[in-house]
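Here the structure comes first, spelled out in structure tokens, and everything after it is commentary.
The values are calculated or read from the model by the stated rules, or taken from the named source; none is laboratory data. All figures in this text were calculated on a predicted structure; none of them were measured in a lab. Cβ sites come from the backbone with ideal geometry, for glycine too, and all protein chains shown count toward neighbours.
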Amino acid sequence: MENNDVKEALDNTNFSEVLDKLKDNPEEISKLLSESGAVMTPEMIDQARKYAVGSQGEQIKKEMEKKGINNRTMKQQAQQQKKLHDQLDAKKKGDLKKVILITSAKKLDIKTVHSNIIPEDAKKLVTCDAIEVNCGRLSQGPLYEKKIKVWYDPNNKSRNSRASKILGFDIGGSLLIIMEDGDMIKEQFLTVEKSLEF
């Protein structure tokens with residue numbers, strides 16, 4: 001939805017009808033508003049704010065007062081619904097776990113991914129073309145018998161010497177390293193990395 005669409009929607013809205021529905025079912029409307037907030041762009045929110053402080057905002061305020069709708073209560077309900085929505089969203093994504101990212105500049109960064117959506121998070125951190133492979137080379141020393149997987153872009157034709165040494169074959173771009181159970185610990189990883197030959 002563009003800014004013009006927001007203006008048109010606001011101009012064509014019968015606020016009296018909207019407020020009647022708000023009064024009859026405030027929880028449902030608050031829930032709807034909190035959920036739609038997740039898909040609204042910052043530009044759309046900014047545009048809506050501008051109209052809210054203009055004549056449309058005054059019109060809404062007057063109509064609310066006429067119908068006995070408490071603005072503060074409505075705002076609190078919307079905040080509660082947003083909090084519940086965020087909690088459900090976080091639960092769906094799963095727990096956060098620490099992972100290691102070897103950047104294309106060969107720098108080590110500690111990152112976090114959500115346990116239930118690792119592929120989506122990995123593709124954001126590496127590239128959308130990233131693939132997952134097992135990395136038994138890292139299952140030694142302090143990481144002995146740990147199941148470790150890595151994500152990298154097989155289409156990247158550059159060469160990342162640090163990432164290549166870890167995998168045992170040439171790759172380019174970034175390398176994401178994830179331990180199946182638990183967090184990747186930087187010190188443990190560095191100990192194993194030192195022992196690798198390539």
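Checking each residue of the range 57-67 against the condition of being at pLDDT below 80, at negative phi and polar (S, T, N, Q) gives at least one match.
Give Thr127, Thr112 a once-over and let me know the one that is among the polar types (S, T, N, Q), within 19 Å of Asn160 (Cα to Cα), surrounded by 12 or more Cβ atoms within 10 Å (Cβ to Cβ) and at pLDDT 90 or above.
Thr127
Check whether at least one residue in the range 72-94 is among the hydrophobic types (A, V, I, L, M, F, W, C), within 13 Å of the chain's Cα centre (by Cα) and modelled with pLDDT of 85 or more, and report yes or no. Looking through the range 72-94, none of the residues is among the hydrophobic types (A, V, I, L, M, F, W, C), within 13 Å of the chain's Cα centre (by Cα) and modelled with pLDDT of 85 or more. Restricting the range 125-173 to residues that are among the β-branched types (Val, Ile, Thr) and under 14 Å from Ile100 (Cβ atoms), the residue that is nearest to the chain's Cα centre (by Cα) is Val126. Scanning the range 152-178 for residues that are without any contact (Cβ under 8 Å) to a residue 60 or more places away in the chain and more than 19 Å from Phe198 (Cα to Cα) yields Asp153, Asn155, Asn156. As a summary of the residue check, Asn134 satisfies the conditions (1) modelled with pLDDT of 95 or more; (2) polar (S, T, N, Q); (3) surrounded by 13 or more Cβ atoms within 10 Å (Cβ to Cβ) except for the one numbered (3). Residue count for the range 170-186, restricted to those that are assigned to a loop (DSSP other than H, G, I, E, B), at pLDDT 95 or above and either of a type outside the set (Asp, Glu) or touching a strand residue (DSSP E or B) at 6+ places or on another chain (Cβ under 8 Å) (or both): 7.
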